[in-house]
1. May I ask you to verify whether G294 is in a loop (DSSP other than H, G, I, E, B), more than 28 Å from Q350 (Cα to Cα), open to solvent by 50 Å² or more (accessible area, probe 1.4 Å) and not charged (D, E, K, R)?
2. Find the residue count for the range 297-313, including only residues that are touching a residue at least 40 places away in the same chain (Cβ under 8 Å) and either assigned to a strand (DSSP E or B) or open to solvent by less than 70 Å² (accessible area, probe 1.4 Å) (or both).
3. Taking into account only those residues within the range 256-287 that are under 21 Å from Y314 (Cα atoms) and in a loop (DSSP other than H, G, I, E, B), which is least open to solvent (accessible area, probe 1.4 Å)?
4. Out of the range 314-352, which residues are part of a strand (DSSP E or B) and basic (K, R)?
5. Given the conditions (1) open to solvent by 50 Å² or more (accessible area, probe 1.4 Å); (2) touching a Phe, Trp or Tyr at 6+ places or on another chain (Cβ under 9 Å), report the number of the one that P332 does not fulfil.
6. Looking at I208, I168, I159, which one is open to solvent by 20 Å² or more (accessible area, probe 1.4 Å), in contact with a Lys or Arg (Cβ under 9 Å, 6 or more places away or on another chain) and in contact (Cβ under 8 Å) with a residue 24 or more places away in the chain?
7. Does I277 satisfy the condition of being modelled with pLDDT of 95 or more and closer than 20 Å to G106 by Cα?
8. Checking V344 against (1) open to solvent by 20 Å² or more (accessible area, probe 1.4 Å); (2) hydrophobic (A, V, I, L, M, F, W, C); (3) under 17 Å from D250 (Cβ atoms), which single condition isn't satisfied?
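The values are calculated or read from the model by the stated rules, or taken from the named source; none is laboratory data. What you are looking at is a predicted structure, and each value in this text was computed from that prediction instead of being measured. Methodologically, a virtual Cβ is constructed for each residue, glycine included, from the backbone with ideal geometry; neighbour enumeration extends over all protein chains shown. SASA here: full protein model, heavy atoms, side chains in, ligands and nucleic acids out. Shrake-Rupley method; radii C 1.70, N 1.55, O 1.52, S 1.80 Å.
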Amino acid sequence: MNKRLSVPYLKTLSLTPENQESPIHFLRNWKTPQDYFYLRNHFAYPQIHTRNLVLSIAGNVHKPMEISFDELIRFPFKEILVPLECSGNNRAKFKPKVFGEQWEEGAVSQGKWKGVPLKELLDKAGLLAGSKEAVFAGMDFGERKDFKESFYFARSLPIEKALHEDTIVAYEYNCKPLPYKHGYPFRLIVPQWYAMASVKWLRNIFIIQHEFNGPFQTKDYVYYPYKDSDLDKKPVTAINVNSTIQHPLDHSIVNEGLHVIKGIAWTGTGTINEVAISFDHGETWRKAPLKYRGNEKYSWIKWHFNWEVKKGEYTILVRATDTEGNIQPIRPYWNRKGYGYNAVQKIKIQVE
């Protein structure tokens, strides 16, 4: 095959609703091109009408309001480079197996998001005393298999997280209008939290004085550590420290000599401060040089390791550590819905 004509492509997990995995091993840029950004949906894509180009803020506020698209883009804005990771990323690797979309390593992508800090909008509406959570409802809706009625996709944030300076209502991606499949006209971007928090096709924001109990808040996106019990359940929030080997690919055959192992690493707490490689099943670890993206505090980092190798079969492990002391474990935290997989990544290579 002519390599100049070979291009990566999304891996289809389902078409109704559409769920597609990014070709993460073949992407080298800091910003994931729109066509290669993974797709995660619970329902069919919503129909967007001109009357939907409005964001509503209501509930426990002084001044309920509707903000049009044209009004929103006149607010102070910021641009941030943020990776979004599906909380089910790597679900296919759990043992015992769990139900759900069987994502491998490609349910993570990164881009430059431009939008208005949510705090600006909530300050304009004026929060009343006792505000506990902000609920975000998208325009996508449908039936769930475990309930008889239909639901809009809706999630909440603690009011402190909603007011964080970098929680934004985005309207551009990679310097272009927000793509339809990624939430046009507005989507929430919540840095360092799994992507279920970054609600797409955002239409309504409700400020409430209690805990939100929608099914995508209290039934899904919850860690259940036991197969047949809800004991010790806890919500899915911040991204677990994680890393991926992009090159070489798992089960590759390479020639002996000098090779460069490379990949990316990211976290939901602090920043990545170490990536290490092991060739002896984790007995010893060797640090890899890191490359950061300027002053982008949420961006994933790139790493590489120069590997001089002779003939044989090798298992390569990689693990990342962040500034808060979190480190990838050898074994994942099993939970029955398959969220937050971040065990040490490994590949097997044959050298001839």
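1. Against the criterion (in a loop (DSSP other than H, G, I, E, B), more than 28 Å from Q350 (Cα to Cα), open to solvent by 50 Å² or more (accessible area, probe 1.4 Å) and not charged (D, E, K, R)), G294 qualifies.
2. So the answer is 11.
3. G282
4. R319, K346, K348
5. (1)
6. I208
7. Judged against the criteria, I277 is not a match.
8. (1)
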